[in-house]
1. Hey, got the dipole for the chain? About the Cα centre, +1 on K and R Cβ, -1 on D and E Cβ, debye to the nearest 20?
2. DSSP loop (so not H, G, I, E, B), at most 16 other Cβ within 10 Å: list which GluC sites (Glu not before Pro) in the stretch 36-117 pass both filters.
3. Could you point to the residue in 83, 54, 73 farthest towards the positive end of the chain's charge dipole, with +1 and -1 charges on the Cβ of Lys/Arg and Asp/Glu respectively?
4. Percent of alpha carbon pairs in the chain separated by more than 19 Å?
5. Return the sequence-ordered ³J(HN,Hα) values of the stretch 76-91 in whole Hz as given by the Karplus equation 6.51 cos²θ - 1.76 cosθ + 1.60 applied to θ = phi - 60°, using x for Gly and Pro.
6. Any idea what angle helix 30-46 forms with the longest principal axis of the chain, computed on alpha-carbon atoms, 0 to 90 degrees, nearest 10?
7. Please give the calculated 222 nm ellipticity per residue for the chain, where each DSSP H segment of at least 4 residues contributes -39500 (n - 2.57) and the sum is spread over every residue; nearest 500 deg cm²/dmol?
8. Per 0.36 nm of contour for each residue apart, how much would the distance between residue 46 and residue 62 grow if the chain were fully extended, relative to their Cα-Cα spacing?
Amino acid sequence: MYFVEKSQGFCKIGINYRDELTNPHGFFHGGTISGLIDTATVHGLRTIFSKGPYYTVDLNIRYKNPSNAREIFAEARPQHLKGKFFKTAVLVSDKANNLIAEAEVKSFLPNYDEKTS
């Protein structure tokens, strides 16, 4: 995995196609996509609040299309919910912007204090 872009409240991470990241049909494995989503989420949260830890408490993925593209990308946009909880919308696509998956991730940041952040 590698960073493509990071800014306040946004992170885009990419991953290159490799056989060991695929299912028996040659498409990116769901677990690979899940890991990409979770990693993009944490790094998106780090653009808002740099002190960890960051705990994923709920991960809902809607797989839209299989992909065997040379690389795929996850774009994470975290938003503060309430207290120490955040919700992150994540889109996974290829270079041609074909949607592969979309996710909603809920995270708990035990050290977050909205009064000082």
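1. 340 debye
2. Filter output for the stretch 36-117: 114.
3. 83
4. So the pairs more than 19 Å apart make up 43 percent of the total in the chain.
5. 10, 10, x, 9, 6, 8, 6, x, 9, 10, 10, 10, 10, 8, 10, 10
6. Helix 30-46 sits at roughly 30 degrees to that axis.
7. Result for the chain: -5000 deg cm²/dmol, rounded to the nearest 500.
8. 3.3 nm
Bear in mind that the values in this text are calculations on the coordinates, not laboratory data. Remember, it's a predicted structure, so these values are computed and weren't measured experimentally. Quick reminder, even Gly has a Cβ in these numbers, built from the backbone with ideal geometry, and neighbours come from all protein chains shown.
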